[in-house]
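S.K.: Structure incoming, see below.
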Amino acid sequence: MNKNLHHYHAYLLRIWREEAGMPWRATLQNPHTGEQEGFATVEQLIDFIRTKTETAAQDTDN
């Protein structure tokens, strides 16, 4: 795999809440593949991004 791909992630972020006072929800869509990930909380979104970037960092170290 091209190592440069580990240094770049692109997503379309959609963030919303159903009503005032409700938790924010989010989706990330990969514009290249159309694949979507959904998140019930902002914390889940942040965990996903953290995992993606930590995995990419580990892959480039090998």
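S.K.: Would you pick out the residues in the stretch 6-37 that are within 9 Å of the chain's Cα centre (by Cα) and either among the small types (Gly, Ala, Ser) or in a loop (DSSP other than H, G, I, E, B) (or both)?
M.R.: Correct list: His9, Ala10, Tyr11, Asn30.
S.K.: Go through the stretch 18-58 and count every residue that is surrounded by fewer than 12 Cβ atoms within 10 Å (Cβ to Cβ) and of a type in the set (D, E, K, R).
M.R.: So the answer is 6.
S.K.: Continuing with this model, one more query. Under 8 Å between Cβ atoms, which residue pairs at least 6 apart in sequence (or on different chains) link something in the stretch 8-23 that is in contact (Cβ under 8 Å) with a residue 40 or more places away in the chain with a partner that is basic (Lys, Arg) and surrounded by 10 or more Cβ atoms within 10 Å (Cβ to Cβ)?
M.R.: That search, which allows pairs on different chains as well, returns His9/Lys52.
Every number here is computed from the coordinates shown, using simple stated rules; none is lab data. All of these numbers come straight from a predicted model, not from anything done at the bench. For neighbour counting, all protein chains shown are included, and Cβ atoms are generated from backbone atoms with ideal geometry for every residue, glycine included.
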